[in-house]
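Read the structure below first, then the notes.
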Amino acid sequence: MPRAKRCTFRERGRRCPRDGHGEPALCNACRVVVLAASVPKSPTQTIIDALANLMVGRPVDADGALGALQQIMGQRGGAGIQDVFRQFADVGRVPAQAPLPRRPPPGPDPRVAERAAEIAAARRVLGFTKGEVLLEQQIRDRRRELAKKLHPDRAGGDARKAAALTAKMAAVNSAADILLAPAP
Ligand SMILES: [Zn+2]
């Protein structure tokens, strides 16, 4: 019985450790790999591979893909296709360019944000909830209501309390003015 030879298949510089047979000597596993690699790719597969490589920026076998394309088109040396494909394939060879600096989108106008904050604060002072739709009359009614409640007469002669009520009413008035002011 002839002594088995070592499989001659090499991958990434390392030789297969299994026993091989035949000429060249290959083990069964490596024979499958070699056979699969030696089967020519179909033209369609060649183009699909070229396009896939293009998309991920790998080098493209432009000649192979061009040949495959011509095979599919049943043409030999069709100048138009050749040029188009070469241009197309060249895209894959151009290093990806840094994206152009983009101007940041215009941010919100700070005056608008300021006005919104002012309105939100005014609504809180008058006791309106955040999302409540306000009619002018509601604002006036609320101011009148609060004017009664915060009247200095309600301080019962306490000067400090009267001053505090007056200050509160001033805040109510200015809040009502803000809400009643026409939108700019
Ligand atoms: Zn092997």
Under 11 Å from the 7 Å Cα→Cβ point of Val33, by amide nitrogen: which residues of the stretch 7-24?
-> 8-18
Among all the lysines, which ones have a C-alpha under 17 Å from Lys161's C-alpha, if same-chain residues fewer than 8 places away are not counted?
-> Lys148, Lys149
Could you state the number of Å between the C-alpha centres of the stretch 6-38 and the stretch 143-177?
-> 97
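Using 1/(1 + (r/R0)^6) with R0 = 25 angstrom and r between the beta carbons of Asn53 and Arg15, what's the FRET efficiency to the nearest 0.05? Spell out each step's value before the answer.
On the way: r = 29 Å, r/R0 = 1.17.
With R0 = 25 Å, the Cβ-Cβ based efficiency is 0.30.
All of the numbers you see were taken from the coordinates with simple rules; none came from a lab. Keep in mind the model is a prediction, meaning the values are calculated, not measured. When we count neighbours, we look across all protein chains shown, and the Cβ atoms used for this are built from the backbone with ideal geometry, even at glycine.
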